[in-house]
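Below: the structure, in structure tokens.
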Amino acid sequence: MIAAIIPARGGSKRIPGKNIRSFCGKPIIAWSIEAARQSGLFDHIIVSTDDEKIAGVARAHGADTPFMRPAGLSGDMTATMPVVHHAVEWIEAHIGPLDYACCLYATAPLASGDTLRRGFEAMKHANADFAMSVTSFPFPVQRALRITQEGRLQPFDPASLMARSQDLEAAWHDAGQFYWGTPAAFGDPLQDLITRAVPVRLPRHLVQDIDTPEDWIRAEYMFRAIHDVQ
């Protein structure tokens, strides 16, 4: 059995109602649910939430909400892995044994069924227990600058300032769309999983983390351009 697990906590402060706010004509979580359905991979699409309104929207768009997330896993500081691990344990206790699970973020409207399938295939092909979506930084991280307390600039790595871009190693970051893994893998902290994860490389035009109102606006522009919608 394969399950998609979509974490969707209530109480977002930077973007109120973030997980069900309208994004290009639908609650943003609906796009993640649709991507999971289009992948054709999942026996169950389950939303883990502590919020009845989010649960209702999720069900209206084709997901299941068979439990409410415990209060101890619903705080501002709760990491993703314990939430997914809880859902994995609930599924195995109440539905049946899981072969694989996919943590798909509720605010990942640029995710697609195709990329979810690609992630699953990459993990299986590598015989790995974890895979994650990543994308490249658009500028060499070795040339990053900091602003000092005196209001001046300071390089993080002075030796790299004069190097050619093509001579600097490419750097990647979590694309914030999905993680694939075995049930056991989701019991480990993300920092331990990264060192054994298979990367699922996504182009930058398909990636936008949404943490601020500015991110939201940019993501909508990107979505409309990709899907040719107004």
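Read-outs throughout are calculated quantities, based only on the coordinates presented, and are distinct from any laboratory measurement. Note that the structure is a prediction, hence the values are computed from the model and not measured. Cβ sites come from the backbone with ideal geometry, for glycine too, and all protein chains shown count toward neighbours.
Observations
- Whole-number percent relative contact order across region 52-161, with pairs defined as alpha carbons under 8 Å at least 6 apart: 10 percent
- Span-like helix ranges in the chain, DSSP H, alpha carbon extent 20 angstrom or more, Kyte mean at least 0.0: 80-94
- Each peptide among 13-24, 96-107 gets the average number of other Cβ atoms lying within 10 Å of its residues, and from highest to lowest they stand as 96-107, 13-24.
- Rounded if a/c under 1.5, otherwise prolate or oblate - region 100-230, Cα gyration tensor axes: oblate
- Relative contact order of region 6-80, defined on C-alpha pairs under 8 angstrom at six or more residues apart (%): 32 percent
- Legend: calculated FRET efficiency, ASP157 to LEU190, from the Cβ-Cβ distance at R0 = 22 Å, rounded to 0.05, equals 0.30.
- Of PRO66, PRO199, PRO158, the residue with the greatest mean-square motion in the GNM of the chain, using alpha carbon springs below 10 Å, is PRO158.
- Computed from backbone phi, the HN-Hα couplings of region 8-14 come to 8, 6, x, x, 4, 9, 6 Hz, rounded to whole numbers (Karplus: 6.51 cos²θ - 1.76 cosθ + 1.60, θ = phi - 60°; Gly and Pro given as x).
- Using 0.36 nm per residue and subtracting the Cα-Cα separation, the extra length available between TYR221 and ARG21 on full extension is 70.4 nm.
- Relative contact order (%) - the chain, alpha-carbon pairs under 8 angstrom, separation at least six: 24 percent
- Region 169-229-region 78-131 distance, computed between alpha-carbon centres (Å): 13 Å
- Candidate lysines for bridging to LYS53, where Cα separation is under 30 Å - those fewer than 8 sequence places away on the same chain excluded: LYS13, LYS18, LYS26
- Which label in (1) 28; (2) 32; (3) 23 gives the computed percent of Cα pairs over 30 Å apart: (1)
- Order by protection proxy (mean Cβ within 10 Å, highest first), peptides 161-171, 42-52, 216-226, 124-134: 42-52, 124-134, 216-226, 161-171
- Over region 1-109, the fraction of Cα-Cα pairs per 10 Å bin, rounded to whole percents and listed from the shortest bin up, is 15, 51, 30, 3.
- Percent antiparallel among DSSP beta bridges (both partners in the chain, rounded to 5): 50 percent
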